[in-house]
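Here's the structure, in structure tokens; my notes come after.
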């Protein structure tokens, strides 16, 4: 074989490998989006029922989350058993999209099984801790952090599963939530 033939064959193999990698990446993205849509459909309008919570480490002062929420509230639901990098990614995005999110009562961090040292101020805001393991949302069984709106009817709405590989989707979701729900609550004084 001539040297030029080997070089051409090498470029063909590189091209085939490159196409295969792009195809695999597209398949992975398709699977992620398929699962996201499927979970959205399964969990939309779920009535949350197990909502006894407490702030930080104050286990003696429990209250019902549903009674304390006025208006639509963005909930970031996570657990101490979940991926720390995923949790930190969402917290970073919340801070970037909501500036003073720590003072906004329409944004809540809700956790279970979280290290007590993290509950008070590690995330820049006291974490609400569930007295029980879950709220009765089917997706909680997956063990992946997610965001949702708890609406005025005390139903889960607009669930979103953030993925640090696609930060632009998380930003789009948070900007949409901010414009449609959070800013309206602040403007209307709720």
According to a simple spin-label model (label point 7 Å from Cα along Cα-to-Cβ), what is the distance in nm between residue 81 and residue 120? 2.7 nm
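Just to be sure I understand: of the beta bridges DSSP finds with both ends in region 47-188, what percent are antiparallel, rounded to 5? Kindly include the intermediate steps, with their values, before the conclusion.
Values: 14 of 22 bridges.
So the antiparallel bridges in region 47-188 amount to around 65 percent.
For region 66-129, what is the percent of antiparallel DSSP beta bridges, rounded to the nearest 5?
Taking every DSSP beta bridge with both residues in region 66-129, the antiparallel ones total about 0 percent.
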Using 0.36 nm per residue, how much length does the chain from residue 157 to residue 180 gain when fully extended, once their Cα-Cα distance is taken away? 7.0 nm
Mean separation of Cα contacts under 8 Å (6+ apart) over length of region 47-188, as relative contact order %: 33 percent
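Where a number appears in this text, it was derived from the coordinates with a stated rule and is not lab data. Values in this document were obtained by computation on a predicted structure and should not be read as measured data. Note that each Cβ is placed from the backbone with ideal geometry, even for glycine, and that neighbours are counted across all protein chains shown.
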